[in-house]
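Report on the following structure.
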Amino acid sequence: MSEKVLLVDDEKDFLDIMSERMQARGMTVKTADSADKALAMLENESFDAIVMDFKMPGMDGIQALKNIKTQKPELQIILLTGYATVEKTVEAMKIGATDLLEKPADLEALAAKIKQAKADKMLLVEKQTEEKIKDILQRFGG
Amino acid sequence: MPNHDLSPDRDGVTFFSTLSAAVTHDMKNFLAIINENAGLLGDLAVRARNGKFPIDPQKAALISEKIRKQVNRADEMIKQFNRFSHSMDRSQEVVDMEEMVHLVAGLAERIIRHHEVFLTVTSAPVPCRIQGHRFDLLHLIFRAVEITCEILDNAPEDTQKQVAVSFGSDPLLPEICFMIDTDTAAGWDTLFDTSKNRALLDRVNMYVKKAGRGCGFCLCKTRETQ
């Protein structure tokens, strides 16, 4: 099954070309040109991974990351940035970013990270489901 | 005229590094789009190799056009950045302020966009020329843009996030006005009341006054020092 990805960047040209290339590699891609729009899309749709620019107008990357992780903790977020400082990378990872890639990024490397992100998400969802079942069984005397 | 007497203070260095960071960030974005377009051409070549999917000439022309667009954007940005960098080499001279406003607007486009602010510049009715150091004047304009963006960040939600820059009509009393769609509690003529801003205004012999009409302020040349 193909990976479903939400691509978020304020550069329309970048969104267009990236989504075309990712789709050519079998991924299902939706796009948003701001973190606010991405958050709105997440309310109605589920994705295996988000690939998001770190610096966009409006909500900044760290805040967007926090909001997405609060809304969908299992979602894997790969950040793209012009410059990845050590401090920003550490901060992003602490909040729950899966990975951080510098622009211009190698699409094959990104595709591999998306594939891994989907596998990680599935493991996380499985674990959450198991815990829920355990909890229900304990509560009802299983 | 080369500058032999001035090196920027710490505030000036901070201004230079802020604009440098914004410009290099933009450059990385241009490169990222060029990189993806080159990658797409590569993808098409791979598919065409087995003869099943010949390259569509229209598609190739479109990709070429997209690459050219990014190269032009990058070229314009580098030219502006080069002019900005050389502003430090120059000594006191008569500076066209309309040109300086356009230069700051171009270089700080990313910063302004991050505040979700739209900046417009109205052509000067008469040449707006000021005697001063080009670098300091650019710094002052950037500071004015920063201040208006900060006011708009904290403005009520229904405020139009727009800054309109215009120039005075008296060539002997040059002024550059920054108009926005909201008022400020701080008082327009006190916006530059920090030691850094006062030092910057002093260096170029300018002061700030509330705009005559509407919400905003003007940077004005002190009469006796012209």
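The values are calculated or read from the model by the stated rules, or taken from the named source; none is laboratory data. Worth saying up front: this structure is predicted, and the values here are computed from it rather than measured. Don't worry about glycine lacking a Cβ; one is built from the backbone with ideal geometry, like all the others, and counts go over all protein chains shown. Note: areas computed on protein heavy atoms with side chains; ligands, DNA, RNA excluded. Shrake-Rupley method; radii C 1.70, N 1.55, O 1.52, S 1.80 Å.
Select from B:Asn37, B:Asn197, B:Asn205 the residue whose mean-square fluctuation is largest in a Gaussian network model of chain B (Cα-Cα springs shorter than 10 Å).
Greatest mean-square fluctuation among the candidates belongs to B:Asn37.
Express the accessible area of region B:92-225 per residue in Å², computed with a 1.4 Å probe while the remaining protein chains stay in the model.
Result: 46 Å² per residue.
What percent do you get for the relative contact order of chain A when only Cα pairs under 8 Å and 6+ apart count?
21 percent
Starting from the Cα of A:Lys4, draw a straight line to each of the lysines and keep only those under 16 Å, dropping any in the same chain fewer than 8 residues away.
Excluding near neighbours in sequence, the set is A:Lys30, A:Lys72, A:Lys113, A:Lys115, A:Lys118, A:Lys121.
With a 1.4 Å probe and all protein chains in place, put A:Lys118, B:Lys52 in order of accessible area, largest first.
B:Lys52, A:Lys118
When Cβ neighbours within 10 Å are restricted to other protein chains, what is their mean count per residue of peptide A:76-82? Spell out each step's value before the answer.
Working: counts 0, 0, 0, 0, 2, 2, 11.
Neighbouring Cβ atoms belonging to other protein chains average 2 per residue here.
Can you give the calculated 222 nm mean residue ellipticity of chain B, where each DSSP H run of n ≥ 4 adds -39,500 (n - 2.57) and the sum is split over every residue, rounded to the nearest 500 deg cm²/dmol? Provide the component values of the computation, followed by the final result.
Numbers: 6 runs with 116 residues, N = 226.
Theoretical 222 nm ellipticity from helices: -17500 deg cm²/dmol.
If you build a Gaussian network model of chain A, linking Cα atoms that sit under 10 Å apart, which residue out of A:Pro57, A:Pro104, A:Pro73 swings the most?
Maximum among the listed residues: A:Pro104.
Probe radius 1.4 Å, ligands and nucleic acids left out: which of A:Thr70, B:Thr120 has the largest accessible area, and how do the rest follow? Walk me through the numbers before you get to the answer.
Numbers: A:Thr70 110, B:Thr120 45 Å².
Solvent-accessible surface, decreasing: A:Thr70, B:Thr120.
Rolling a 1.4 Å sphere over the protein heavy atoms, what is the accessible area per residue of region A:1-111, to the nearest Å²? Numbers along the way, then the final one.
On the way: 4620 Å² over 111 residues.
Here the per-residue accessible area is 42 Å².
With +1 on each Lys and Arg Cβ and -1 on each Asp and Glu Cβ, and nothing else charged, work out how big the dipole of region B:10-87 is about its Cα centre, in Debye to the nearest 20.
Values: 12 positive and 8 negative charges, 41 e Å.
It works out to roughly 200 debye.
If you count, for every residue in B:113-119, the Cβ atoms of partner chains within 10 Å of its Cβ, what is the mean?
On the way: counts 4, 6, 2, 3, 1, 0, 0.
For this peptide, the per-residue mean of nearby foreign Cβ atoms is 2.
Suppose we flag GluC sites (Glu not before Pro) only when DSSP calls them loop and at most 16 other Cβ atoms lie within 10 Å. Which is the longest uninterrupted stretch of chain B?
Details: sites that count: B:Glu116, B:Glu157.
The longest uninterrupted stretch comes out as B:1-115.
In region A:16-116, which chymotrypsin sites (Phe, Trp or Tyr not before Pro) are in a loop and have at most 13 other Cβ atoms within 10 Å, using DSSP for the loop call?
A:Tyr83
Please report, as a whole percent, how much of the solvent-accessible surface of chain B comes from carbon and sulfur atoms (probe radius 1.4 Å). Present the calculation step by step, with values, prior to reporting the outcome.
Values: 6290 of 11670 Å².
For chain B, the apolar C and S fraction of the accessible surface comes to 54 percent.
Averaged over peptide A:9-16, how many Cβ atoms belonging to another chain are found within 10 Å of each residue's Cβ? Intermediate values should be presented prior to the final figure.
Details: counts 3, 4, 6, 1, 11, 8, 1, 3.
The per-residue average across the peptide is 5.
In degrees, nearest 10, range 0 to 90: what is the angle between the Cα axis of helix A:86-95 and the longest Cα principal axis of chain A?
30 degrees
Which residue, A:Ile17, A:Ile50, A:Ile77, has the most motion in a Gaussian network model of chain A that connects Cα atoms within less than 10 Å?
A:Ile17
Which whole-number percent is the relative contact order of chain B (Cα, under 8 Å, 6+ apart)? Spell out each step's value before the answer.
Details: 294 pairs, mean separation 39.6, N = 226.
Here the relative contact order equals 18 percent.
Given +1 on the Cβ of Lys and Arg, -1 on the Cβ of Asp and Glu, and no further charges, what dipole in debye does the protein assembly as shown carry about its Cα centre, rounded to the nearest 20? Intermediate values should be presented prior to the final figure.
Details: 48 positive and 57 negative charges, 170 e Å.
With only Lys, Arg, Asp and Glu charged at Cβ, the dipole is about 820 debye.
Explain nothing, just the number: dipole magnitude of region A:4-139 about its Cα centre with +1 on each Lys and Arg Cβ and -1 on each Asp and Glu Cβ, in debye rounded to the nearest 20. Don't skip to the end; give the middle numbers.
Numbers: 21 positive and 25 negative charges, 104 e Å.
Magnitude of the dipole: close to 500 debye.
So what is the 222 nm mean residue ellipticity for chain A from helices alone, if each DSSP H run of at least 4 adds -39500 (n - 2.57) and you divide by all residues, rounding to the nearest 500 deg cm²/dmol?
Working: 5 runs with 77 residues, N = 142.
-18000 deg cm²/dmol, from helical runs alone.
Hey, any idea what the orientation-averaged projected area of the convex hull of chain B's Cα atoms comes to, in nm²? Provide the component values of the computation, followed by the final result.
On the way: hull surface 64.6 nm².
Mean orientational projected area (chain B, Cα hull): 16.1 nm².
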